[in-house]
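Student: Got a structure here, written out as C-alpha coordinates. Questions coming.
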2 protein chains.
Amino acid sequence: MQNPESSGEGCGTVRRGRPRAFDREKALAAAMHLFWRKGYSATSISDLTAAMGIGSPSLYAAFGSKEALYAEALEHYGRMHEATAWGGFLAAATARDAVEAFLRDTAAGLSEAANGCMVTLSAVGAEGHEELGALVTSARNATLIRLEERIEQAKAAGEIDRLVDTHRLARFVQTVQNGMSLIARDGAELGELIAVVDMAMLAWDAQLREPPHV
Amino acid sequence: MQNPESSGEGCGTVRRGRPRAFDREKALAAAMHLFWRKGYSATSISDLTAAMGIGSPSLYAAFGSKEALYAEALEHYGRMHEATAWGGFLAAATARDAVEAFLRDTAAGLSEAANGCMVTLSAVGAEGHEELGALVTSARNATLIRLEERIEQAKAAGEIDRLVDTHRLARFVQTVQNGMSLIARDGAELGELIAVVDMAMLAWDAQLREPPHV
DNA sequence: CGGATTCTGCATCAATCGCTACATAATCCA
DNA sequence: TGGATTATGTAGCGATTGATGCAGAATCCG
(Lines give C-alpha, C1' and ligand atoms only; values in the text may rest on other atoms or scores of the structure.)
Protein backbone atom coordinates (compact mmCIF):
# COMPACT_ATOMS: atom_id res chain seq x y z
CA MET A 1 0.00 0.00 0.00
CA GLN A 2 2.52 2.61 1.18
CA ASN A 3 5.41 1.58 -1.05
CA PRO A 4 4.34 1.71 -4.69
CA GLU A 5 7.38 -0.26 -5.85
CA SER A 6 7.05 -3.24 -3.54
CA SER A 7 3.80 -4.69 -4.83
CA GLY A 8 4.40 -4.33 -8.53
CA GLU A 9 7.56 -6.44 -8.43
CA GLY A 10 9.36 -3.74 -10.47
CA CYS A 11 9.91 -5.88 -13.55
CA GLY A 12 11.70 -3.24 -15.59
CA THR A 13 13.80 -1.55 -12.94
CA VAL A 14 17.19 -2.95 -12.02
CA ARG A 15 17.18 -4.32 -8.46
CA ARG A 16 19.60 -2.70 -6.09
CA GLY A 17 20.79 -3.75 -2.67
CA ARG A 18 20.84 -7.28 -1.34
CA PRO A 19 18.85 -9.58 -3.58
CA ARG A 20 15.84 -11.48 -2.29
CA ALA A 21 16.81 -14.97 -1.11
CA PHE A 22 13.49 -16.61 -2.00
CA ASP A 23 11.32 -16.96 -5.09
CA ARG A 24 8.53 -14.46 -4.68
CA GLU A 25 6.16 -16.35 -6.98
CA LYS A 26 6.68 -19.63 -5.18
CA ALA A 27 6.20 -17.97 -1.80
CA LEU A 28 3.02 -16.35 -3.08
CA ALA A 29 1.79 -19.70 -4.37
CA ALA A 30 2.43 -21.29 -1.00
CA ALA A 31 0.53 -18.51 0.73
CA MET A 32 -2.33 -18.89 -1.74
CA HIS A 33 -2.66 -22.59 -1.04
CA LEU A 34 -2.73 -21.98 2.68
CA PHE A 35 -5.35 -19.21 2.46
CA TRP A 36 -7.31 -21.37 0.03
CA ARG A 37 -7.39 -24.35 2.36
CA LYS A 38 -7.80 -22.68 5.76
CA GLY A 39 -9.39 -19.34 4.97
CA TYR A 40 -8.16 -15.90 5.98
CA SER A 41 -8.73 -15.76 9.72
CA ALA A 42 -7.60 -19.29 10.49
CA THR A 43 -4.30 -18.72 8.68
CA SER A 44 -1.71 -17.07 10.91
CA ILE A 45 1.45 -15.28 9.97
CA SER A 46 3.50 -18.10 11.48
CA ASP A 47 1.54 -20.60 9.37
CA LEU A 48 2.40 -18.49 6.36
CA THR A 49 6.08 -17.97 7.11
CA ALA A 50 6.47 -21.70 7.75
CA ALA A 51 4.80 -22.65 4.48
CA MET A 52 6.60 -19.95 2.51
CA GLY A 53 9.95 -20.78 4.05
CA ILE A 54 10.79 -17.20 5.01
CA GLY A 55 10.89 -15.02 8.09
CA SER A 56 8.15 -12.56 8.94
CA PRO A 57 10.23 -9.44 8.15
CA SER A 58 10.78 -10.83 4.64
CA LEU A 59 7.05 -11.47 4.32
CA TYR A 60 6.20 -7.93 5.31
CA ALA A 61 8.94 -6.43 3.14
CA ALA A 62 7.72 -8.37 0.12
CA PHE A 63 3.96 -8.25 0.56
CA GLY A 64 3.17 -5.44 2.99
CA SER A 65 0.65 -7.03 5.32
CA LYS A 66 -1.49 -10.09 5.81
CA GLU A 67 -4.40 -8.41 4.05
CA ALA A 68 -2.27 -7.33 1.11
CA LEU A 69 -0.83 -10.84 0.86
CA TYR A 70 -4.33 -12.28 0.77
CA ALA A 71 -5.34 -9.85 -1.95
CA GLU A 72 -2.31 -10.81 -3.98
CA ALA A 73 -2.98 -14.51 -3.35
CA LEU A 74 -6.47 -13.95 -4.75
CA GLU A 75 -5.04 -12.39 -7.89
CA HIS A 76 -2.60 -15.27 -8.20
CA TYR A 77 -5.46 -17.72 -7.88
CA GLY A 78 -7.34 -15.94 -10.62
CA ARG A 79 -4.34 -15.94 -12.94
CA MET A 80 -3.71 -19.63 -12.29
CA HIS A 81 -7.26 -20.76 -12.96
CA GLU A 82 -8.48 -18.29 -15.55
CA ALA A 83 -7.51 -20.45 -18.49
CA THR A 84 -8.76 -23.79 -17.18
CA ALA A 85 -12.03 -22.32 -15.93
CA TRP A 86 -12.89 -20.16 -18.93
CA GLY A 87 -10.93 -21.57 -21.84
CA GLY A 88 -13.61 -23.92 -23.06
CA PHE A 89 -16.29 -21.37 -22.29
CA LEU A 90 -14.67 -18.76 -24.48
CA ALA A 91 -13.89 -21.19 -27.28
CA ALA A 92 -17.40 -22.65 -27.50
CA ALA A 93 -19.54 -21.90 -30.54
CA THR A 94 -22.85 -21.63 -28.71
CA ALA A 95 -23.95 -20.41 -25.30
CA ARG A 96 -25.07 -23.92 -24.45
CA ASP A 97 -21.70 -25.38 -25.31
CA ALA A 98 -20.01 -22.58 -23.41
CA VAL A 99 -22.03 -23.23 -20.26
CA GLU A 100 -21.51 -26.96 -20.49
CA ALA A 101 -17.78 -26.53 -20.99
CA PHE A 102 -17.67 -24.11 -18.08
CA LEU A 103 -19.37 -26.57 -15.76
CA ARG A 104 -17.38 -29.56 -16.98
CA ASP A 105 -14.10 -27.71 -16.62
CA THR A 106 -15.20 -26.67 -13.15
CA ALA A 107 -15.91 -30.30 -12.30
CA ALA A 108 -12.50 -31.37 -13.55
CA GLY A 109 -10.73 -28.61 -11.65
CA LEU A 110 -12.59 -29.28 -8.42
CA SER A 111 -11.90 -32.99 -8.50
CA GLU A 112 -8.20 -32.22 -8.62
CA ALA A 113 -8.01 -29.49 -6.01
CA ALA A 114 -10.54 -30.94 -3.54
CA ASN A 115 -10.56 -27.64 -1.70
CA GLY A 116 -13.39 -26.09 -3.62
CA CYS A 117 -12.98 -22.74 -5.34
CA MET A 118 -11.05 -20.18 -3.30
CA VAL A 119 -13.26 -17.36 -4.53
CA THR A 120 -16.57 -19.16 -4.19
CA LEU A 121 -15.93 -20.42 -0.68
CA SER A 122 -14.12 -17.43 0.77
CA ALA A 123 -15.93 -15.93 3.73
CA VAL A 124 -13.37 -13.23 4.35
CA GLY A 125 -16.00 -10.50 4.22
CA ALA A 126 -18.17 -12.15 6.84
CA GLU A 127 -15.05 -12.67 8.96
CA GLY A 128 -14.85 -8.92 9.38
CA HIS A 129 -12.51 -7.82 6.58
CA GLU A 130 -14.81 -5.85 4.36
CA GLU A 131 -12.25 -4.64 1.85
CA LEU A 132 -11.12 -8.18 1.09
CA GLY A 133 -14.74 -9.27 1.12
CA ALA A 134 -15.49 -6.73 -1.59
CA LEU A 135 -12.70 -8.26 -3.68
CA VAL A 136 -14.10 -11.78 -3.59
CA THR A 137 -17.66 -10.54 -4.01
CA SER A 138 -16.73 -8.69 -7.16
CA ALA A 139 -14.84 -11.74 -8.41
CA ARG A 140 -17.95 -13.87 -7.90
CA ASN A 141 -20.09 -11.28 -9.57
CA ALA A 142 -17.76 -11.31 -12.56
CA THR A 143 -18.70 -14.94 -13.16
CA LEU A 144 -22.38 -14.09 -13.20
CA ILE A 145 -21.77 -11.22 -15.57
CA ARG A 146 -19.74 -13.36 -17.95
CA LEU A 147 -22.53 -15.90 -18.06
CA GLU A 148 -25.14 -13.22 -18.66
CA GLU A 149 -23.11 -11.58 -21.39
CA ARG A 150 -22.63 -14.88 -23.18
CA ILE A 151 -26.36 -15.53 -23.04
CA GLU A 152 -27.11 -12.05 -24.35
CA GLN A 153 -24.65 -12.67 -27.14
CA ALA A 154 -26.50 -15.87 -27.99
CA LYS A 155 -29.72 -13.92 -28.09
CA ALA A 156 -28.19 -11.42 -30.48
CA ALA A 157 -27.05 -14.31 -32.66
CA GLY A 158 -30.56 -15.71 -32.75
CA GLU A 159 -29.47 -18.80 -30.88
CA ILE A 160 -31.71 -18.13 -27.88
CA ASP A 161 -35.17 -16.58 -27.86
CA ARG A 162 -35.02 -12.93 -26.81
CA LEU A 163 -37.86 -13.47 -24.36
CA VAL A 164 -35.91 -15.97 -22.25
CA ASP A 165 -34.84 -14.61 -18.87
CA THR A 166 -31.07 -14.18 -19.10
CA HIS A 167 -30.61 -13.59 -15.41
CA ARG A 168 -32.52 -16.75 -14.49
CA LEU A 169 -30.34 -18.94 -16.70
CA ALA A 170 -27.14 -17.37 -15.44
CA ARG A 171 -28.15 -17.59 -11.80
CA PHE A 172 -28.97 -21.25 -12.19
CA VAL A 173 -25.61 -22.04 -13.75
CA GLN A 174 -23.86 -20.02 -11.05
CA THR A 175 -25.80 -21.83 -8.34
CA VAL A 176 -24.87 -25.25 -9.68
CA GLN A 177 -21.25 -24.26 -10.02
CA ASN A 178 -21.15 -22.90 -6.49
CA GLY A 179 -22.81 -25.99 -5.10
CA MET A 180 -20.23 -28.13 -6.85
CA SER A 181 -17.48 -26.40 -4.87
CA LEU A 182 -19.15 -27.43 -1.63
CA ILE A 183 -19.76 -31.06 -2.47
CA ALA A 184 -16.27 -31.30 -3.94
CA ARG A 185 -14.81 -30.04 -0.67
CA ASP A 186 -16.83 -32.71 1.10
CA GLY A 187 -15.26 -35.37 -1.05
CA ALA A 188 -17.49 -35.74 -4.10
CA GLU A 189 -15.68 -37.50 -6.92
CA LEU A 190 -15.35 -36.46 -10.54
CA GLY A 191 -18.08 -38.83 -11.69
CA GLU A 192 -20.55 -37.34 -9.26
CA LEU A 193 -19.67 -33.81 -10.35
CA ILE A 194 -20.09 -34.78 -13.99
CA ALA A 195 -23.49 -36.27 -13.21
CA VAL A 196 -24.49 -32.98 -11.63
CA VAL A 197 -23.39 -31.13 -14.75
CA ASP A 198 -25.40 -33.47 -16.95
CA MET A 199 -28.51 -32.85 -14.90
CA ALA A 200 -27.91 -29.11 -14.94
CA MET A 201 -27.78 -29.19 -18.73
CA LEU A 202 -31.09 -31.03 -18.75
CA ALA A 203 -32.49 -28.05 -16.87
CA TRP A 204 -30.91 -25.66 -19.36
CA ASP A 205 -32.44 -27.46 -22.32
CA ALA A 206 -35.84 -27.79 -20.67
CA GLN A 207 -35.86 -24.10 -19.73
CA LEU A 208 -35.16 -23.12 -23.33
CA ARG A 209 -37.95 -25.38 -24.52
CA GLU A 210 -40.43 -23.75 -22.17
CA PRO A 211 -42.59 -20.91 -23.45
CA PRO A 212 -40.71 -17.77 -22.37
CA HIS A 213 -43.69 -16.01 -20.83
CA VAL A 214 -45.71 -17.90 -18.24
CA MET B 1 -17.38 -32.42 28.59
CA GLN B 2 -15.99 -33.02 32.08
CA ASN B 3 -19.11 -32.12 34.03
CA PRO B 4 -22.00 -34.34 32.90
CA GLU B 5 -24.58 -32.07 34.53
CA SER B 6 -23.53 -28.81 32.91
CA SER B 7 -24.34 -29.57 29.30
CA GLY B 8 -27.66 -31.31 29.79
CA GLU B 9 -29.15 -28.28 31.55
CA GLY B 10 -30.42 -30.64 34.27
CA CYS B 11 -34.11 -30.02 33.64
CA GLY B 12 -35.44 -32.31 36.35
CA THR B 13 -32.96 -31.64 39.15
CA VAL B 14 -33.53 -28.75 41.51
CA ARG B 15 -30.85 -26.08 41.03
CA ARG B 16 -28.79 -25.25 44.08
CA GLY B 17 -26.48 -22.34 44.79
CA ARG B 18 -26.67 -18.93 43.20
CA PRO B 19 -29.00 -18.98 40.22
CA ARG B 20 -27.80 -18.09 36.76
CA ALA B 21 -28.37 -14.43 35.98
CA PHE B 22 -28.87 -14.90 32.23
CA ASP B 23 -31.12 -16.97 29.98
CA ARG B 24 -29.02 -19.87 28.77
CA GLU B 25 -31.13 -20.41 25.66
CA LYS B 26 -30.96 -16.76 24.64
CA ALA B 27 -27.22 -16.66 25.23
CA LEU B 28 -26.83 -19.79 23.14
CA ALA B 29 -28.94 -18.26 20.38
CA ALA B 30 -26.77 -15.15 20.41
CA ALA B 31 -23.63 -17.29 20.16
CA MET B 32 -25.17 -19.28 17.33
CA HIS B 33 -25.90 -16.17 15.32
CA LEU B 34 -22.37 -14.92 15.78
CA PHE B 35 -20.77 -18.25 14.79
CA TRP B 36 -23.21 -18.46 11.90
CA ARG B 37 -22.30 -15.06 10.56
CA LYS B 38 -18.54 -14.93 11.21
CA GLY B 39 -17.50 -18.57 11.35
CA TYR B 40 -15.62 -20.29 14.13
CA SER B 41 -12.11 -18.87 13.92
CA ALA B 42 -13.13 -15.30 13.28
CA THR B 43 -15.41 -15.28 16.32
CA SER B 44 -13.50 -14.51 19.52
CA ILE B 45 -14.53 -15.12 23.09
CA SER B 46 -14.85 -11.38 23.64
CA ASP B 47 -17.14 -11.17 20.60
CA LEU B 48 -19.21 -13.91 22.16
CA THR B 49 -19.36 -12.52 25.68
CA ALA B 50 -20.32 -9.12 24.29
CA ALA B 51 -23.12 -10.57 22.17
CA MET B 52 -24.32 -12.90 24.89
CA GLY B 53 -24.20 -10.20 27.53
CA ILE B 54 -22.19 -12.24 30.04
CA GLY B 55 -18.65 -12.47 31.35
CA SER B 56 -16.21 -15.09 30.20
CA PRO B 57 -16.33 -17.11 33.46
CA SER B 58 -20.08 -17.44 33.04
CA LEU B 59 -19.57 -18.57 29.46
CA TYR B 60 -17.09 -21.25 30.47
CA ALA B 61 -19.18 -22.36 33.45
CA ALA B 62 -22.25 -22.74 31.26
CA PHE B 63 -20.76 -24.10 28.04
CA GLY B 64 -17.32 -25.49 28.84
CA SER B 65 -15.18 -24.13 26.02
CA LYS B 66 -15.35 -22.33 22.72
CA GLU B 67 -15.45 -25.64 20.87
CA ALA B 68 -18.20 -27.04 23.06
CA LEU B 69 -20.17 -23.82 22.64
CA TYR B 70 -19.85 -24.10 18.88
CA ALA B 71 -21.02 -27.72 18.97
CA GLU B 72 -24.01 -26.70 21.05
CA ALA B 73 -24.71 -23.77 18.74
CA LEU B 74 -24.76 -26.23 15.85
CA GLU B 75 -27.31 -28.40 17.66
CA HIS B 76 -29.37 -25.31 18.43
CA TYR B 77 -29.25 -24.35 14.77
CA GLY B 78 -30.46 -27.82 13.81
CA ARG B 79 -33.31 -27.71 16.28
CA MET B 80 -34.36 -24.24 15.13
CA HIS B 81 -34.42 -25.07 11.43
CA GLU B 82 -35.39 -28.73 11.39
CA ALA B 83 -39.09 -28.02 11.04
CA THR B 84 -38.91 -25.27 8.43
CA ALA B 85 -36.34 -27.13 6.34
CA TRP B 86 -37.89 -30.60 6.42
CA GLY B 87 -41.55 -30.08 7.31
CA GLY B 88 -42.80 -29.87 3.77
CA PHE B 89 -40.40 -32.56 2.66
CA LEU B 90 -41.75 -35.04 5.18
CA ALA B 91 -45.37 -34.13 4.54
CA ALA B 92 -45.18 -34.47 0.77
CA ALA B 93 -46.98 -37.33 -0.95
CA THR B 94 -44.36 -37.98 -3.62
CA ALA B 95 -40.58 -37.75 -3.79
CA ARG B 96 -40.91 -35.04 -6.39
CA ASP B 97 -43.13 -32.95 -4.16
CA ALA B 98 -40.83 -33.60 -1.24
CA VAL B 99 -37.78 -32.39 -3.13
CA GLU B 100 -39.59 -29.35 -4.47
CA ALA B 101 -40.87 -28.47 -1.01
CA PHE B 102 -37.39 -28.95 0.41
CA LEU B 103 -35.86 -26.59 -2.11
CA ARG B 104 -38.64 -24.01 -1.84
CA ASP B 105 -38.49 -24.02 1.94
CA THR B 106 -34.73 -23.64 1.67
CA ALA B 107 -35.22 -20.65 -0.62
CA ALA B 108 -37.66 -19.06 1.80
CA GLY B 109 -35.39 -19.64 4.77
CA LEU B 110 -32.31 -18.32 3.00
CA SER B 111 -34.03 -15.15 1.84
CA GLU B 112 -34.82 -14.34 5.47
CA ALA B 113 -31.51 -15.19 7.08
CA ALA B 114 -29.22 -13.88 4.33
CA ASN B 115 -26.29 -15.64 5.96
CA GLY B 116 -26.61 -18.88 4.09
CA CYS B 117 -26.92 -22.16 5.94
CA MET B 118 -24.66 -22.45 8.98
CA VAL B 119 -24.04 -26.14 8.31
CA THR B 120 -23.54 -25.85 4.57
CA LEU B 121 -21.14 -22.94 4.75
CA SER B 122 -19.17 -23.91 7.83
CA ALA B 123 -15.48 -24.39 7.14
CA VAL B 124 -14.57 -25.22 10.71
CA GLY B 125 -12.91 -28.47 9.69
CA ALA B 126 -10.65 -26.78 7.17
CA GLU B 127 -9.84 -24.15 9.79
CA GLY B 128 -8.08 -26.83 11.78
CA HIS B 129 -10.74 -28.10 14.18
CA GLU B 130 -11.30 -31.60 12.95
CA GLU B 131 -13.74 -32.74 15.62
CA LEU B 132 -16.10 -29.87 14.89
CA GLY B 133 -15.50 -30.41 11.20
CA ALA B 134 -16.69 -33.99 11.58
CA LEU B 135 -19.88 -32.68 13.18
CA VAL B 136 -20.79 -30.42 10.27
CA THR B 137 -19.71 -32.98 7.71
CA SER B 138 -22.01 -35.57 9.20
CA ALA B 139 -24.82 -33.01 9.35
CA ARG B 140 -24.35 -32.32 5.64
CA ASN B 141 -24.24 -36.00 4.88
CA ALA B 142 -27.49 -36.47 6.74
CA THR B 143 -29.19 -34.25 4.16
CA LEU B 144 -27.90 -36.39 1.32
CA ILE B 145 -29.02 -39.56 3.08
CA ARG B 146 -32.49 -38.18 3.70
CA LEU B 147 -32.83 -37.33 0.03
CA GLU B 148 -31.61 -40.75 -1.03
CA GLU B 149 -33.92 -42.55 1.37
CA ARG B 150 -36.90 -40.61 0.12
CA ILE B 151 -36.03 -41.49 -3.46
CA GLU B 152 -35.61 -45.16 -2.56
CA GLN B 153 -38.97 -45.01 -0.86
CA ALA B 154 -40.47 -43.61 -4.05
CA LYS B 155 -38.91 -46.47 -5.98
CA ALA B 156 -40.44 -48.97 -3.58
CA ALA B 157 -43.81 -47.28 -4.08
CA GLY B 158 -43.46 -47.60 -7.83
CA GLU B 159 -43.34 -43.84 -8.22
CA ILE B 160 -39.82 -43.83 -9.69
CA ASP B 161 -38.26 -46.39 -11.99
CA ARG B 162 -35.95 -48.71 -10.08
CA LEU B 163 -33.24 -48.24 -12.68
CA VAL B 164 -32.89 -44.52 -12.01
CA ASP B 165 -29.67 -43.55 -10.23
CA THR B 166 -30.73 -42.53 -6.73
CA HIS B 167 -27.39 -41.04 -5.80
CA ARG B 168 -27.30 -38.90 -8.92
CA LEU B 169 -30.69 -37.35 -8.19
CA ALA B 170 -29.86 -36.75 -4.55
CA ARG B 171 -26.45 -35.24 -5.32
CA PHE B 172 -28.01 -32.85 -7.79
CA VAL B 173 -30.61 -31.65 -5.32
CA GLN B 174 -27.92 -31.27 -2.67
CA THR B 175 -25.72 -29.33 -5.05
CA VAL B 176 -28.49 -26.90 -5.93
CA GLN B 177 -29.39 -26.41 -2.30
CA ASN B 178 -25.77 -25.79 -1.36
CA GLY B 179 -25.33 -23.34 -4.21
CA MET B 180 -28.40 -21.46 -3.06
CA SER B 181 -26.72 -20.83 0.29
CA LEU B 182 -23.83 -19.14 -1.46
CA ILE B 183 -25.83 -16.91 -3.76
CA ALA B 184 -28.15 -16.04 -0.88
CA ARG B 185 -25.19 -14.92 1.18
CA ASP B 186 -24.12 -12.78 -1.75
CA GLY B 187 -27.50 -11.07 -1.75
CA ALA B 188 -29.70 -13.09 -4.08
CA GLU B 189 -33.37 -12.34 -3.48
CA LEU B 190 -36.23 -14.74 -2.93
CA GLY B 191 -37.43 -14.48 -6.51
CA GLU B 192 -34.03 -15.48 -7.83
CA LEU B 193 -33.86 -18.45 -5.47
CA ILE B 194 -37.32 -19.56 -6.51
CA ALA B 195 -36.31 -19.35 -10.15
CA VAL B 196 -33.34 -21.58 -9.38
CA VAL B 197 -35.66 -24.08 -7.71
CA ASP B 198 -37.95 -24.06 -10.75
CA MET B 199 -35.07 -24.82 -13.06
CA ALA B 200 -33.80 -27.55 -10.75
CA MET B 201 -37.20 -29.22 -10.91
CA LEU B 202 -37.03 -29.08 -14.69
CA ALA B 203 -33.84 -31.09 -14.40
CA TRP B 204 -35.51 -33.54 -12.03
CA ASP B 205 -38.40 -34.11 -14.41
CA ALA B 206 -36.15 -34.41 -17.44
CA GLN B 207 -33.89 -36.89 -15.67
CA LEU B 208 -36.86 -39.09 -14.79
CA ARG B 209 -38.03 -38.94 -18.40
CA GLU B 210 -34.64 -40.09 -19.67
CA PRO B 211 -34.10 -43.80 -20.33
CA PRO B 212 -32.40 -45.00 -17.14
CA HIS B 213 -29.55 -46.85 -18.83
CA VAL B 214 -27.50 -45.00 -21.42
C1' DC C 1 37.63 0.08 -2.17
C1' DG C 2 33.45 3.11 0.13
C1' DG C 3 28.76 4.45 0.40
C1' DA C 4 24.07 3.58 -0.68
C1' DT C 5 20.56 0.34 -0.78
C1' DT C 6 17.96 -3.72 0.26
C1' DC C 7 17.18 -8.15 2.43
C1' DT C 8 17.58 -11.50 6.45
C1' DG C 9 17.49 -13.31 11.25
C1' DC C 10 17.01 -12.37 16.05
C1' DA C 11 14.49 -10.44 19.25
C1' DT C 12 10.56 -8.25 20.57
C1' DC C 13 6.54 -5.06 20.55
C1' DA C 14 1.58 -4.09 22.21
C1' DA C 15 -2.68 -6.35 21.67
C1' DT C 16 -5.49 -10.04 21.75
C1' DC C 17 -6.20 -14.97 22.07
C1' DG C 18 -8.70 -18.82 24.89
C1' DC C 19 -9.11 -19.59 29.47
C1' DT C 20 -9.04 -19.45 34.73
C1' DA C 21 -7.93 -18.16 39.98
C1' DC C 22 -9.97 -15.82 43.33
C1' DA C 23 -12.94 -13.25 46.20
C1' DT C 24 -17.61 -12.00 46.59
C1' DA C 25 -22.64 -12.48 45.92
C1' DA C 26 -26.77 -15.12 45.81
C1' DT C 27 -29.23 -18.96 46.34
C1' DC C 28 -30.45 -23.81 48.76
C1' DC C 29 -30.98 -27.00 52.75
C1' DA C 30 -30.91 -27.67 57.58
C1' DT D 1 -29.19 -18.43 61.13
C1' DG D 2 -25.00 -21.08 59.20
C1' DG D 3 -22.76 -24.08 55.96
C1' DA D 4 -22.84 -25.87 51.29
C1' DT D 5 -23.18 -24.83 46.61
C1' DT D 6 -23.13 -22.25 42.45
C1' DA D 7 -22.70 -17.82 39.66
C1' DT D 8 -20.57 -13.34 38.89
C1' DG D 9 -16.98 -9.72 38.24
C1' DT D 10 -12.25 -8.40 38.43
C1' DA D 11 -8.09 -9.28 37.15
C1' DG D 12 -4.82 -11.72 35.04
C1' DC D 13 -2.66 -16.20 33.28
C1' DG D 14 0.64 -18.06 29.41
C1' DA D 15 0.45 -18.27 24.58
C1' DT D 16 -0.19 -16.43 20.21
C1' DT D 17 -1.64 -12.70 17.21
C1' DG D 18 -0.11 -9.28 13.41
C1' DA D 19 3.64 -6.50 12.85
C1' DT D 20 8.71 -4.09 13.70
C1' DG D 21 13.48 -2.33 15.36
C1' DC D 22 17.77 -3.26 14.63
C1' DA D 23 22.23 -5.10 13.54
C1' DG D 24 24.51 -7.49 10.12
C1' DA D 25 24.86 -9.48 5.47
C1' DA D 26 24.67 -9.09 0.51
C1' DT D 27 24.26 -6.77 -3.44
C1' DC D 28 24.65 -2.25 -6.46
C1' DC D 29 27.06 1.99 -8.22
C1' DG D 30 31.05 4.90 -8.39
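Student: For the stretch A:31-49: of the residues being within 12 Å of DNA strand C (Cβ to nearest atom) and outside any loop (DSSP other than H, G, I, E, B), which is surrounded by the most Cβ atoms within 10 Å (Cβ to Cβ)?
Tutor: A:Thr49
Student: Select, from B:Leu28, B:Leu59, the only residue that is part of a helix (DSSP H, G or I), more than 13 Å from DNA strand D (Cβ to nearest atom) and more than 23 Å from B:Ala142 (Cα to Cα).
Tutor: B:Leu28
Student: Report whether or not A:Tyr70 is outside any loop (DSSP other than H, G, I, E, B) and open to solvent by 70 Å² or more (accessible area, probe 1.4 Å).
Tutor: no
Student: Among (1) small (Gly, Ala, Ser); (2) at pLDDT 95 or above; (3) not in a loop (DSSP other than H, G, I, E, B), which single condition is A:Ser7 missing?
Tutor: So A:Ser7 meets the others, but not (2).
Student: Which residue is nearest to B:Gly109 (Cα to Cα), if the candidates are limited to the stretch B:165-193 and must be facing another protein chain (nearest Cβ under 9 Å) and among the polar types (S, T, N, Q)?
Tutor: Looking at the filtered set, the residue picked out is B:Ser181.
Student: Tell me, yes or no, whether the stretch A:109-122 has at least one residue that is crowded, with 19+ Cβ neighbours inside 10 Å and at the interface with another protein chain (Cβ under 8 Å from one of its Cβ atoms).
Tutor: Among the residues of the stretch A:109-122, at least one is crowded, with 19+ Cβ neighbours inside 10 Å and at the interface with another protein chain (Cβ under 8 Å from one of its Cβ atoms), which makes the answer yes.
Student: Looking at the stretch B:13-30, which of the residues that are among the small types (Gly, Ala, Ser) and away from DNA strand C (no atom under 12 Å from the Cβ) is farthest from the other protein chains (Cβ to nearest Cβ)?
Tutor: Among residues in the stretch B:13-30 that are among the small types (Gly, Ala, Ser) and away from DNA strand C (no atom under 12 Å from the Cβ), the one farthest from the other protein chains (Cβ to nearest Cβ) is B:Ala27.
Student: Let me ask something else about it. Which of the residues that make up the stretch B:27-47 are touching a residue at least 12 places away in the same chain (Cβ under 8 Å) and among the basic types (Lys, Arg)?
Tutor: Answer for the stretch B:27-47, where residues must be touching a residue at least 12 places away in the same chain (Cβ under 8 Å) and among the basic types (Lys, Arg): just B:Arg37.
Student: Going by the conditions given, is A:Arg162 in a loop (DSSP other than H, G, I, E, B), more than 8 Å from every other protein chain (Cβ to nearest Cβ) and open to solvent by 20 Å² or more (accessible area, probe 1.4 Å)?
Tutor: So A:Arg162 passes the test.
Student: Let me ask you something else. Being more than 10 Å from DNA strand D (Cβ to nearest atom), modelled with pLDDT of 95 or more, surrounded by 13 or more Cβ atoms within 10 Å (Cβ to Cβ) and of a type in the set (A, V, I, L, M) is the requirement here; does A:Ile54 meet it?
Tutor: yes
Student: Got a sec? Which of A:Ala154, A:Ala206 is in contact with a helix residue (DSSP H, G or I) (Cβ under 8 Å, 6 or more places away or on another chain), of a type in the set (Gly, Ala, Ser), over 18 Å from A:Ala85 (Cα atoms) and facing another protein chain (nearest Cβ under 9 Å)?
Tutor: The unique qualifying residue is A:Ala206.
Student: Next up: Residues that are modelled with pLDDT of 95 or more and within 13 Å of another protein chain (Cβ to nearest Cβ): does the stretch B:80-101 have at least one?
Tutor: Yes, the stretch B:80-101 contains at least one residue that is modelled with pLDDT of 95 or more and within 13 Å of another protein chain (Cβ to nearest Cβ).
Student: Could you check how many residues of the stretch A:166-197 are surrounded by 15 or more Cβ atoms within 10 Å (Cβ to Cβ) and not in a helix (DSSP H, G or I)?
Tutor: The total comes to 2.
The values are calculated or read from the model by the stated rules, or taken from the named source; none is laboratory data. Keep in mind it's a predicted model, so treat the numbers as computed, not measured. Ideal geometry is used to build each Cβ from the backbone, glycine not excepted, and the neighbour counts take in all protein chains shown. To get the accessible areas, we keep the full protein, side chains included, count just its heavy atoms, and leave off ligands, DNA and RNA. Shrake-Rupley method; radii C 1.70, N 1.55, O 1.52, S 1.80 Å.
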